[in-house]
Amino acid sequence: MGSRLVGYGSYLPEKIMTNQDFEKIMDTSDEWIVQRTGMRERHFARDDETVVDMGVIAAQRALERANLTIDDIDMVVVATTTSELDFPSVGVQILGKLGATRDQPGFDVRGACTGYIYALHCARAFFTAGMYRRIMVIGAEKMSRFINWDDRSTAVLFGDGAGALIFEHSTSSYSGIIDTVVMGDGKSFDMLHGTPDHKISMNGPETYKKAVTLMPEAASYIMEHAGITADNVDWIIPHQANLRIINSGAERLGFPLEKILVTVDKHANTSGASGVLALAYGMDNGLIKQGQLILYPAFGSGLTWGAALIRV
Ligand code: UT7
């Protein structure tokens with residue numbers, strides 16, 4: 001039992017924070033940020049705008065595009081680690097706000113920047129088990145809430161936003177979520193984590209070293225598992241944490257630059273929303289076309305890493 005993508009939607013908050021805006025409030029420069037990360041701007045949610053609010057808009061847009069209502073969806077799984085409330089889940093809150101009446105399940109997965117791959121992994125498992133007909137996968141994050149404004153090495157890196165993908169079961173195993181792999185290493189927890197007072201703590205250079213090896217490893221593994229090579233893949237959409245990490249990984253895997261989809265310049269690192277937002281950006285802008293094969297590697301706090309293969 002496979003799946004196919006029937007709708008997508010995204011939401012980016014109105015407020016844009018540029019590198020120049022950071023220059024005004026901390027000891028940093030546009031030149032440093034662009035050179036070291038490839039980032040130029042990021043979106044920041046309003047104080048009163050929540051992870052749930054952003055997820056709801058992305059979900060509504062995906063439903064409209066798929067010509068469905070929330071009651072056509074059997075399960076909602078949300079990748080997020082920045083929910084304002086510890087409970088209930090963002091997933092069940094989104095179902096409530098969208099007026100679901102079927103008592104469908106909604107829940108969250110906390111895979112940090114690999115969260116959307118963990119969510120896709122869950123969706124694939126439920127489709128494989130034949131349990132649901134339609135599943136909505138959402139990535140929604142308000143990273144700006146976790147910024148440590150006294151730490152310039154992490155403050156400039158993150159952005160807010162949400163993306164939603166709706167998959168429907170299919171008898172073809174060559175469409176939708178074709179394959180997924182997820183990994184975790186809790187022993188390296190110290191490298192990158194949230195603190196109890198809601199701040200990001202990261203050893204950048206150590207995290208960088210892990211990211212440039214583990215993302216390509218996950219991508220190679222999934223290509224080998226699916227019996228394909230870089231030539232068969234139309235787009236590689238790596239987690240958008242740093243342009244240097246993206247380019248180095250793609251080079252290791254033998255992907256030409258024109259096959260790499262980059263949004264880190266516009267969105268910065270939106271953690272669990274990153275890949276979903278990037279996929280929506282690619283489709284909105286006519287870069288990604290129906291039927292194309294996408295390789296989706298990601299890496300993040302945990303440590304967690306993994307990859308997905310999706311045909312849109
Ligand atoms: O999404 C989850 C996974 N996250 C990642 O994969 C992030 C991985 N890490 C990185 O992307 C990079 O390590 C960073 C972008 C975070 C940092 O880049 P780097 O090239 O590793 O810089 P660094 O931490 O080694 O710092 C180099 C210098 C330091 O100055 P000194 O000691 O050489 O004088 C820093 O103080 O750059 C300085 N620096 C800054 N300068 C201006 C650090 N942050 C800034 C800043 N503006 N914002």
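The values are calculated or read from the model by the stated rules, or taken from the named source; none is laboratory data. Keep in mind that what you see is a predicted model, and the values were worked out from it rather than measured. Please note: Cβ atoms are built from the backbone with ideal geometry, for glycine as well, and neighbour counts cover all protein chains shown. SASA here: full protein model, heavy atoms, side chains in, ligands and nucleic acids out. Shrake-Rupley method; radii C 1.70, N 1.55, O 1.52, S 1.80 Å.
What to note about this one:
- Check on I166, open to solvent by less than 40 Å² (accessible area, probe 1.4 Å), aliphatic (A, V, I, L, M) and out of contact with any Lys or Arg (no Cβ under 8 Å at 6 or more places or on another chain): no
Conditions tested, residue by residue: (1) closer than 21 Å to P88 by Cα; (2) within 16 Å of the ligand (Cβ to nearest atom); (3) of a type in the set (S, T, Y).
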residue	(1), (2), (3)
G111	yes, yes, no
A123	yes, no, no
R133	no, no, no
W149	no, yes, no
V156	no, yes, no
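- Residue list for segment 254-312, restricted to those being over 29 Å from F44 (Cβ atoms) and among the aromatic types (F, W, Y): F255
- The residues of segment 31-68 that are under 25 Å from L157 (Cα atoms), more than 16 Å from the ligand (Cβ to nearest atom) and of a type outside the set (D, E), listed by number, are H43, F44, A45, R46, T50, V51, V52, M54, G55, V56, I57, A58.
- Residues in segment 170-185 that are open to solvent by 60 Å² or more (accessible area, probe 1.4 Å) and away from the ligand (no atom under 15 Å from the Cβ) were compared, and the one that is modelled with the lowest pLDDT is S173.
- Helices (runs of 4 or more DSSP H) (entirely within segment 220-312) containing at least 1 residues that are under 22 Å from R124 (Cα atoms) and open to solvent by less than 20 Å² (accessible area, probe 1.4 Å): 274-284
- Qualifying residue in segment 9-16 (condition: open to solvent by less than 80 Å² (accessible area, probe 1.4 Å) and out of contact with any Gly (no Cβ under 8 Å at 6 or more places or on another chain)): yes
- The residues of segment 102-145 that are open to solvent by less than 60 Å² (accessible area, probe 1.4 Å) and on the phi > 0 side of the Ramachandran plot, listed by number, are A112, G130.
- Within segment 225-243, being aliphatic (A, V, I, L, M) and either within 15 Å of the chain's Cα centre (by Cα) or within 16 Å of the ligand (Cβ to nearest atom) (or both) holds for I236, I237, A241, L243.
- Any hit, segment 289-300, residues being out of contact with any Leu (no Cβ under 8 Å at 6 or more places or on another chain) and within 13 Å of the ligand (Cβ to nearest atom): yes
- Within this structure, I25 passes the test of being over 17 Å from G272 (Cβ atoms), of a type in the set (V, I, T) and within 13 Å of the ligand (Cβ to nearest atom).
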